[in-house]
Amino acid sequence: MKDKIMITRISVIMLLFCIVGKSNAQEGIDWSKVYADKYYFSYKYLDKLVILKARKDSMISFWINGVKDTMKFDRYHINSFECGDSYVGIYIDCDENYELYIDTRTGIYDGNDFQNEPNVEPNTFGGSPFYDCTNFKKNIYWDELEELQVLKLNNSAYYLDKIGCSDCAIEILEELLKVRPNRTVAYLNLGDAYWNKGEKEKAKESYKQYILLLKKDGKQNKIPDTLNEKLGTDTVNAILSSPTESTLEQSTESTKPKVMKGRILNCYYTNLKGDKIEKVYAGQSVYFIVTSVGMIGKTINLDFSDEDIVYEFAGKELENQMIKNFPVVADKMTLKLKALRKVSKDINNE
């Protein structure tokens, strides 16, 4: 009797999958673009960090909090799967941007009966979009990220690098650091991803910035032993001994915004496509480019008080129209700004 009940329940699942598959054919979706040995990640709504790999054989694999799931799925439709051991069903929806949405049939099973370790349980996915690692930057509103989402993106990049998707990890972290340039651990993860990819010089630059930020916060004792091994103890000590703030005279070159400290070569704005622009308008998001020489490891203050726009940086409106003690990590740096509104000025009655 128990076996008959179980067979009946499985049949119900398969019937529902078929119904959904037919009722939502998702016309226009080229599933060969999905099942192309691609990784997908998510950072919204999830309690757990889930990475999905859609393989060329039209099958799927999951990593949950960095651990590969043990379940083996059988495919019953181009976008529906069932695990014969745990009876967890997976249905994948794909929108026109090739973002994936995953349903685990919470209406049939609540997941409490299936405790594989680690286990894909219903509600693990929470209706969150999964982003294609090869094409995600334009689909994320980087300057509107909440702090918890920043944390999850950083951690997703960490796990992606660990499972061999270093390119995606690098792209996530580079975009993240444009809007959160003082997020210390992101530089460590970026350095690791570059190191694992074999780009050692870029890795060293990221590690250097990580060490400098730890020094600035008085946390030199938190430097991991792996950095002493990769960079050498002498190099790490040299970075720690370097000055963190410039005492050079201000450049006489006229730039706007004014650069209060350090030898800056040029400052200018571009749109998000990288095209240089002369005017910034309220409501516009732009990149502010700073080029310098001999400044890496030092800090500068950026003064926007001469501008007629109030800016937001790293999710916060600038205080007194300034970015203070900004660390110089490269000869060319890109800061993402959002123009909130025009500056309100008093009317001159003279």
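Residues are listed down the side, and each one gets a yes or a no for (1) in contact with a strand residue (DSSP E or B) (Cβ under 7 Å, 6 or more places away or on another chain); (2) surrounded by 12 or more Cβ atoms within 10 Å (Cβ to Cβ); (3) of a type outside the set (A, V, I, L, M):
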{"residue": "GLY283", "(1), (2), (3)": "yes, no, yes"}
{"residue": "GLY315", "(1), (2), (3)": "no, yes, yes"}
{"residue": "ASN320", "(1), (2), (3)": "no, no, yes"}
{"residue": "ASN325", "(1), (2), (3)": "yes, yes, yes"}
{"residue": "ALA330", "(1), (2), (3)": "no, yes, no"}
{"residue": "LEU340", "(1), (2), (3)": "yes, yes, no"}
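Within the range 291-308, if we keep just the residues that are modelled with pLDDT of 80 or more, among the hydroxyl-bearing types (Ser, Thr, Tyr) and over 19 Å from LYS215 (Cα atoms), the residue that is surrounded by the fewest Cβ atoms within 10 Å (Cβ to Cβ) turns out to be THR291.
Restricting to the range 178-215, what's the tally of residues that are farther than 28 Å from LEU145 by Cα and either in contact (Cβ under 8 Å) with a residue 12 or more places away in the chain or assigned by TED's automatic domain parsing to the domain that holds VAL286 (or both)? Steps first, please.
First, the residues of the range 178-215 that are farther than 28 Å from LEU145 by Cα: 198-201.
Still in the running and either in contact (Cβ under 8 Å) with a residue 12 or more places away in the chain or assigned by TED's automatic domain parsing to the domain that holds VAL286 (or both): none.
Looking only at that region, the number is 0.
What pairs come out if I take residues in the range 216-243 that are within 21 Å of ILE300 (Cβ to Cβ) and pair them with residues that are of a type in the set (Ser, Thr, Tyr) whose C-beta lies under 7 Å away, six or more apart or interchain? Listed pairs, sorted by first residue: LYS216/THR244.
For the range 51-85, what are the residues that are acidic (Asp, Glu) and either surrounded by 14 or more Cβ atoms within 10 Å (Cβ to Cβ) or touching a residue at least 40 places away in the same chain (Cβ under 8 Å) (or both)? Spell out how you get there, then give the answer.
Keep residues of the range 51-85 that are acidic (Asp, Glu), which gives 57, 69, 74, 82, 85.
Listed by number, the residues that qualify are ASP69, GLU82.
Can you name every residue in the range 306-336 that is outside any strand (DSSP E or B) and either free of Cβ contacts under 8 Å to residues at least 40 places away in the same chain or not β-branched (Val, Ile, Thr) (or both)? Result: ASP306, GLU307, ASP308, ALA314, GLY315, LEU318, ASN320, GLN321, ALA330, ASP331.
Among the residues making up the range 316-327, those that are farther than 22 Å from ASN271 by Cβ and over 21 Å from the mean Cα position of the chain (by Cα) are GLU319, ASN320, MET322, LYS324, ASN325. Residues that are aliphatic (A, V, I, L, M), modelled with pLDDT of 90 or more and within 29 Å of the chain's Cα centre (by Cα) do not occur anywhere in the range 260-272. Only a single criterion out of (1) at pLDDT below 90; (2) touching a strand residue (DSSP E or B) at 6+ places or on another chain (Cβ under 9 Å); (3) farther than 17 Å from ILE300 by Cβ is not satisfied by CYS168, namely (1).
The values are calculated or read from the model by the stated rules, or taken from the named source; none is laboratory data. Not measured: the values here are computed from a predicted model. Neighbour counts run over all protein chains shown; Cβ positions are idealised from the backbone, glycine included.
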